[in-house]
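Have a look at the structure below before the remarks.
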Amino acid sequence: MDSDLFEPYERLVQIELLGRKVRVPENNRLLRCFQYLSLRSISYGDFCWNGDCTNCQFWYREPGEDAREPEKTALSCRFTVREGMTVTRLNPCVRIEGVNAPAPARNAHADAPRAAERDTAFAPPPDPA
Ligand code: FES
């Protein structure tokens with residue numbers, strides 16, 4: 001993970017995101033936290049990152065608030081994550097793999113040794129002649 005993307009953090013904090021418990025970097029804007037969870041979909045998403053487009057809007061409850069409390073809304077690119085908060089809804093533009101979007105398909109070849117490594121690993125010893 002490219003640490004230049006994130007504000008400095010020492011630990012991950014737990015939040016609830018659409019009914020799932022997830023751990024994200026403290027001291028970061030919530031959209032960065034979504035990026036931490038889903039690098040590709042957020043990095044390539046339609047976001048201005050500066051409060052203009054509203055595509056990053058989300059609805060939430062403060063830590064300790066119960067479900068009878070009305071939800072609040074904010075822009076995740078402007079909102080610093082709060083440990084224990086509950087994100088109840090997301091703008092449809094916010095697609096987080098494994099949460100509200102399919103998890104990325106595993107590349108079946110990712111763990112296979114490259115052809116050159118494979119071929120040398122199993123090559124017979126050189127002919128002494
Ligand atoms: S990303 Fe555009 S308003 Fe947050």
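Listed values, structure above:
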{"quantity": "ASP4-GLU97 FRET efficiency (beta carbon distance; Förster radius 22 Å; 0.05 resolution)", "calculated": "0.55"}
{"quantity": "Relative contact order of the stretch 3-104, pairs being alpha-carbon contacts under 8 Å that are 6 or more residues apart, as %", "calculated": "32 percent"}
{"quantity": "Net length gained if the chain between LEU12 and GLU62 were fully extended (0.36 nm per residue, minus Cα distance)", "calculated": "16.2 nm"}
{"quantity": "Gain in span if fully extended, ARG20 to ARG40, counting 0.36 nm per residue against the direct Cα distance", "calculated": "5.2 nm"}
{"quantity": "Protection proxy ranking, peptides 24-36, 49-61, average beta carbon neighbours within 10 Å, highest first", "calculated": "24-36, 49-61"}
{"quantity": "Computed lengthening from ASN50 to ALA105, 0.36 nm per intervening residue step minus Cα-Cα distance", "calculated": "16.7 nm"}
{"quantity": "Charge dipole magnitude, Cβ of K and R +1, D and E -1 - the stretch 3-104, Cα centre, debye nearest 20", "calculated": "200 debye"}
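Taken together, the values in this text are just the output of simple stated rules run on the coordinates, not laboratory data. Please read these numbers as outputs of a predicted model, since none were measured by experiment. Positions of Cβ are generated from backbone atoms using ideal geometry, with glycine treated the same way; all protein chains shown enter the neighbour counts.
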